[in-house]
């Protein structure tokens, strides 16, 4: 196993793992989401450091399995997946590019976190419909199809859409 | 009692409360009053169970006897659980659930705000993570307090009954014993009197805004710290632990 691992660089592993999509939102990958934090090689062991998004997120297990499968494809089997809680994952780690991918997919991307927090205990935020661009939108529920998303509806084009909640 | 033992005990208290209330909320799955609320409650339940997983995993590591989060969740019986009594109270009707969640969510919000400053890095990290989620729970529950309290005569009455029935379980949330004393000295956990002051203020504000009355019960129901639970916990655990205990070594 030794000789296989030393032929791969950290960048190459990152590139490889960028092929792993979020199980719920296939247009973005785990690098886009800022879930993958580090890759370490030490003594024949490849350690993958990830930070979980929501504490109860069921997709994290799937992502962990996908990481193992991907690495096994290139011959790396001695893997340890390390979960690191600090610094805490935040939607601020989602790249601008990834936010555009979300919008194109029909999911309103998260606002910048400081804006959202003020709004959390105060008045409703103004969210643009990812389908028609109108700001005439209203929240149906703080909790949508998954723990990370809220459910909104557009009052102009009448379509419902998910909002990736700011965390 | 040494620091490690105190920490283990404290982590059980935190983890068990999240686990039990998470389980209670999951009982609403498929039975919510409307689809959006069904989804909301089970998402919140998921957050709580996720929090319990992190905390109980850390508790197991702290104990150092090889018990992981599953062993702690599924193989202990009622007398060994340390969840607050309020968390095991049955769901009842929707208003009752909202009352219970509101009282507990407000507590969690202020408690975890303090735990973010814990000198124990792992606990602080989990707290930072969970506090963000708790903030969403609290917003949700508070909105329903207003909607039901300041709603129809029926919703108002049901919510008032819920608050009245659950009030006696709230003083226990702020009790401290030698476990707390030891850990407060080390800067690992907060003084709950501080949490209590914030909790009382917020609860009073929301109850007033929701046109409800502050319950007048002075009776204090306690005992969870010693494993003395209401009769409800036994039935809850029987359901929750059944599959694991039936197929102890299963993996999927």
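The values are calculated or read from the model by the stated rules, or taken from the named source; none is laboratory data. Worth saying up front: this structure is predicted, and the values here are computed from it rather than measured. As a convention, Cβ positions derive from the backbone with ideal geometry for all residues, glycine included, and neighbour counts pool all protein chains shown.
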Inset, instruction - Kindly provide the set of residues from the stretch A:68-102 that are within 30 Å of residue B:23 (Cβ to Cβ) and crowded, with 18+ Cβ neighbours inside 10 Å, ordered by number. - result: A:85, A:88, A:89, A:91
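Is one or more of the residues making up the stretch B:132-151 part of a loop (DSSP other than H, G, I, E, B) and on the phi < 0 side of the Ramachandran plot?
First, the residues of the stretch B:132-151 that are part of a loop (DSSP other than H, G, I, E, B): B:150-151.
Filter again for on the phi < 0 side of the Ramachandran plot, leaving B:150-151.
The answer is yes; a qualifying residue exists.
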Inset, instruction - Check off (1) within 13 Å of chain A (Cβ to nearest Cβ); (2) in a helix (DSSP H, G or I) for residue B:118 and give me the number that stays unchecked. - result: (2)
Inset, instruction - Enumerate the pairs (first residue in the stretch A:138-155 and facing chain B (nearest Cβ under 7 Å) and over 15 Å from residue B:45 (Cβ atoms); second residue anywhere and at pLDDT below 85 and not in a strand (DSSP E or B)) with beta-carbon separation below 7 Å, excluding pairs fewer than 6 apart on the same chain, so at least 6 apart or on different chains. - result: A:151/A:144
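So, of the residues in the stretch A:128-151 that are under 29 Å from residue B:127 (Cα atoms) and out of contact with any helix residue (DSSP H, G or I) (no Cβ under 8 Å at 6 or more places or on another chain), which turns out to be surrounded by the fewest Cβ atoms within 10 Å (Cβ to Cβ)? Can you show your working first?
Residues of the stretch A:128-151 under 29 Å from residue B:127 (Cα atoms): A:139-151.
Filter once more, keeping what is out of contact with any helix residue (DSSP H, G or I) (no Cβ under 8 Å at 6 or more places or on another chain): A:139, A:148-150.
Values: A:139: 14, A:148: 25, A:149: 22, A:150: 22.
Ranking the qualifying residues of the stretch A:128-151, first place goes to A:139.
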